[in-house]
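Every number here is computed from the coordinates shown, using simple stated rules; none is lab data. Keep in mind it's a predicted model, so treat the numbers as computed, not measured. All Cβ positions, glycine included, derive from the backbone under ideal geometry; neighbour counts span all protein chains shown.
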Amino acid sequence: MDLIPRILGLITATLLIVGVESVEYIGSAPQPATTTSTTTTVVEVSSFPSTTTQPPTTTIAYQGKCGQWWGLALDLGWPMDAMDTLDYVMWRESRCDPKQHNTTLNRDGSTDIGLTQINDRSWCLPTRWYPEGYLQSVGVLSTIGCEELFDPRINLLAAKAIYDYHTQQGQRGFEAWKV
């Protein structure tokens with residue numbers, strides 16, 4: 001199944017090269033108001049790139065690098081005004097690939113997992129404050145450990161929980177990503 005996200009990424013890159021600036025995903029929810037001044041390409045979401053995730057039901061027009069994940073993110077509760085920053089995070093952290101796993105770049109030996117590169121030590125491994133892990137304590141992950149974060153749906157839910165945590169602490173929602 002790794003082939004499908006790569007094909008979708010290639011299609012997205014090709015569309016960007018030929019000058020298509022937005023793609024509209026077709027779903028059952030009404031389309032939010034957006035302004036696009038150039039060509040719009042319509043893509044049916046039936047070939048959504050994960051076998052464990054339902055296709056997004058939200059209809060959106062996007063111009064981001066990881067726009068293939070916007071409908072799912074909106075379905076999971078991400079606010080529309082956060083989509084540009086979320087897109088930047090997904091691109092910077094994983095190049096929109098939910099299977100990315102950084103095992104070597106962190107000095108503390110922790111790893112970063114999935115689409116938004118969620119840090120295992122900070123968010124899904126046991127700590128003295130959260131003996132089963134933070135994401136387990138808020139109901140995002142069902143098992144101890146972080147393997148579920150390779151599922152783009154679970155990863156975006158986890159990222160939303162982290163975003164909400166920082167917002168509730170009076171910080172910027174994307175504080176964990178230094179954005």
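Sketch the reach of a paramagnetic label on Asp164 as a point 7 Å from Cα along Cα-to-Cβ, and name the residues of the range 128-143 whose backbone nitrogen lies under 15 Å away.
134-142, by backbone N distance to the label point.
Can you compute the modelled spin-label distance between Arg172 and Ser137, with each label point 7 Å from Cα toward Cβ, in nm?
2.5
Out of the range 109-179, which trypsin sites (Lys or Arg not before Pro) are coil in DSSP terms and have no more than 16 other C-beta atoms within 10 Å? Walk me through the numbers before you get to the answer.
On the way: sites: Arg121, Arg128, Arg153, Lys160, Arg172, Lys178; in loops: Arg128, Arg172, Lys178.
For trypsin sites (Lys or Arg not before Pro) across the range 109-179 that sit outside H, G, I, E and B with at most 16 neighbouring Cβ atoms in 10 Å, the list reads Arg128, Arg172, Lys178.
Which of rounded, prolate or oblate describes the range 98-179 when judged by the alpha-carbon gyration tensor and an a/c cut-off of 1.5? Intermediate results must be reported in sequence, preceding the final value.
Working: a/c = 1.24, a/b = 1.13, b/c = 1.10.
Cα axes put the range 98-179 in the rounded bin.
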